[in-house]
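The values are calculated or read from the model by the stated rules, or taken from the named source; none is laboratory data. The structure displayed is predicted, hence computed values, not measured ones. Here the Cβ positions follow ideal geometry from the backbone for every residue, glycine too, while neighbour counts run over all protein chains shown. We work out accessible area using only protein heavy atoms, side chains counted, and drop any ligands, DNA or RNA first. Shrake-Rupley method; radii C 1.70, N 1.55, O 1.52, S 1.80 Å.
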Amino acid sequence: MTAKISKWGNSQGLRMPKDIMDSLHLQVGDNVNITIDGIVFCKVEDAKAAIYSVMNFKNAIERLAQTTLRSEIGSLNLDDSLSNRESLNLKLQTALGDAATQWGVKITRVEISDISVPVEIQKAMNKQMEAEREKRAVQTKAEAQKEAQIREAEAFKQSEILKAEAIERM
């Protein structure tokens with residue numbers, strides 16, 4: 001996988017790559033294959049270090065981002081990897097920032113832009129969510145029926161008490 005630095009933006013005179021990380025096909029901890037797209041924003045703070053400290057800082061950042069992401073994603077299950085995007089962004093930014101500083105580059109932001117799962121996994125997840133909703137609906141209905149029966153029993157009991165008191169007064 002080669003680094004594709006195809007888009008450059010100009011933000012206050014700074015040249016910042018907008019696309020350092022290619023799509024990555026990874027496997028999460030529970031053996032589900034996913035595809036992750038991410039963006040690494042950086043700026044060269046020391047041009048001399050960026051040239052002489054590493055052969056190609058863009059490629060080095062991409063490779064480090066890939067290995068760090070593989071390590072982090074491999075330790076998570078699918079649900080956690082889908083819901084902990086912010087945590088992954090921070091871990092990547094920290095790991096990349098530490099290394100890139102030595103290369104004269106500052107990592108300003110890391111964003112995981114998309115996490116895609118295979119269609120069959122999406123279908124399974126939708127079935128699971130549907131089953132959960134159905135389960136909650138059945139539980140709610142059962143609780144409502146139970147509450148109704150309890151209230152009916154209490155009403156019947158109260159009715160019988162009132163009848164007994166009326167008979168006693170006669």
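Scanning region 129-149 for residues that are farther than 30 Å from residue 79 by Cα and open to solvent by less than 70 Å² (accessible area, probe 1.4 Å) yields 144, 148.
Taking region 23-50 as the range and being within 22 Å of residue 98 (Cα to Cα) and open to solvent by 30 Å² or more (accessible area, probe 1.4 Å) as the test, the residues that pass are 37, 39, 41, 43, 44, 45, 46, 47, 48.
Can you tell me which residue among 53, 11 is at pLDDT 85 or above, over 30 Å from residue 120 (Cβ atoms), of a type outside the set (Phe, Trp, Tyr) and open to solvent by 50 Å² or more (accessible area, probe 1.4 Å)?
53
Is it fair to say residue 64 is within 20 Å of residue 41 (Cβ to Cβ), assigned to a helix (DSSP H, G or I) and open to solvent by less than 40 Å² (accessible area, probe 1.4 Å)? No, not satisfied. Scanning region 89-123 for residues that are more than 16 Å from residue 61 (Cβ to Cβ) and surrounded by 14 or more Cβ atoms within 10 Å (Cβ to Cβ) yields 115, 116, 117, 121.
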